[in-house]
1. Could we say that Leu193 is farther than 24 Å from Arg225 by Cβ, surrounded by 15 or more Cβ atoms within 10 Å (Cβ to Cβ), within 16 Å of the ligand (Cβ to nearest atom) and not β-branched (Val, Ile, Thr) here?
2. Tell me, yes or no, whether the range 234-248 has at least one residue that is basic (Lys, Arg) and away from the ligand (no atom under 12 Å from the Cβ).
3. When residues of the range 20-55 are filtered for being away from the ligand (no atom under 16 Å from the Cβ), under 18 Å from the mean Cα position of the chain (by Cα) and either over 21 Å from Val231 (Cβ atoms) or charged (D, E, K, R) (or both), how many remain?
4. Looking at this structure, is Gly221 touching a residue at least 60 places away in the same chain (Cβ under 8 Å), surrounded by fewer than 15 Cβ atoms within 10 Å (Cβ to Cβ) and not in a strand (DSSP E or B)?
5. Can you find even one residue in the range 61-75 that is crowded, with 20+ Cβ neighbours inside 10 Å and under 18 Å from Ala208 (Cβ atoms)?
6. If you go through the range 78-92 one residue at a time, do you hit one that is among the aliphatic types (A, V, I, L, M), farther than 23 Å from Cys26 by Cβ and either surrounded by fewer than 20 Cβ atoms within 10 Å (Cβ to Cβ) or in contact with a Gly (Cβ under 7 Å, 6 or more places away or on another chain) (or both)?
7. With the structure loaded, tell me whether Asn121 is modelled with pLDDT of 95 or more and in a strand (DSSP E or B) or whether it fails that test.
8. Do we have Gly181 as open to solvent by less than 30 Å² (accessible area, probe 1.4 Å) and either within 27 Å of Gly133 (Cβ to Cβ) or within 16 Å of the ligand (Cβ to nearest atom) (or both) here?
Amino acid sequence: PAPHLQSYKNRAAKHSNPAARALLRCMEAKKSNLAVSVDVTTTKDFFDIIEAVAPYVCLIKTHVDILEDWNPGVTTRLQHLSREHNFLIFEDRKFADIGNTVALQYSSGLYKISSWAHIVNAHPVPGPSIITGLASVGMKLQEERGLLLLAEMSTKGALTIGSYTVEAVRMAREHRDFVIGFIAQHRMESIGLSGTDDVVDEDFLILAPGVGLDSKGDAMGQQYRTPTEVVTQCGCDVIIVGRGIIGIGRDIDAEKVKEQARRYQTAGWEAYEKRIVT
Ligand code: 6AU
């Protein structure tokens, strides 16, 4: 059966990339396909949220460059929490430059992303060299590292449509050792294939942003769908939730955040259980 009809557990046993295996195993162990997007600007709020949601997530998604008081201790503490609470770390860096530049952006600078983020993402717009550039750093580390390509975006009027998405999938198929999947709104198995192409081993993870239970969008083009639409109907594997869980006010209410995380975890898992056959 197609990957999305199989359990995360079965897929974990077969996947060739160590970061994908670790994520699938974690999802199975915690019964969670929830990634929380911690889009806040102070390290206090950042860790208050992570500590509140940690039991309910398989993945914490960061934008470390929006933290006003970032310091190297942030990523040390984040890695410690990742081990303690069993979740992976995804830095949502959206690389989009030539291979040489993205390799430097991934490995160096203030953030040294490759040293702590299990997963990063990239826009396919520069072509395959963005993958080989990032892989030249990530694949050399003896660590769990993987890349997601942004094949579809969640925003109104996004240009990630038609042949752009098809080419993104083609690029990923050429680099299945490092590209573990897509940021997308649907599964990609059927995309760009002729009847004779052989992709029996293909298991790309689909991580879907733009998920909300109470809202249909924001004032800046974001569009939300429910976990049922995203996971059961469109076959995505991980739901990425930011403001639906962390709220939009100034003050973080840890109890409320916890309650919402639990609610999305349950919704995401029930949507997954309705989908799998093996
Ligand atoms: O749930 P929200 O709307 O508060 O946050 C969604 C998060 C944000 C975006 O930067 C990110 O998901 N995102 C992405 C990613 C993950 O790459 C792609 C996209 O198409 N839409 C989107 O919202 O941190």
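1. Values: farther than 24 Å from Arg225 by Cβ: yes; surrounded by 15 or more Cβ atoms within 10 Å (Cβ to Cβ): yes; within 16 Å of the ligand (Cβ to nearest atom): no; not β-branched (Val, Ile, Thr): yes.
When the stated conditions are applied, Leu193 does not pass them.
2. No: the range 234-248 contains no residue that is basic (Lys, Arg) and away from the ligand (no atom under 12 Å from the Cβ).
3. 6
4. Spelling it out, Gly221 is indeed touching a residue at least 60 places away in the same chain (Cβ under 8 Å), surrounded by fewer than 15 Cβ atoms within 10 Å (Cβ to Cβ) and not in a strand (DSSP E or B).
5. yes
6. no
7. yes
8. Yes.
The values are calculated or read from the model by the stated rules, or taken from the named source; none is laboratory data. Since the model is a prediction, treat every value here as computed from it, not as a measurement. Every residue, glycine as well, gets a Cβ built from its backbone with ideal geometry; the counts of neighbours run over all protein chains shown. Note: areas computed on protein heavy atoms with side chains; ligands, DNA, RNA excluded. Shrake-Rupley method; radii C 1.70, N 1.55, O 1.52, S 1.80 Å.
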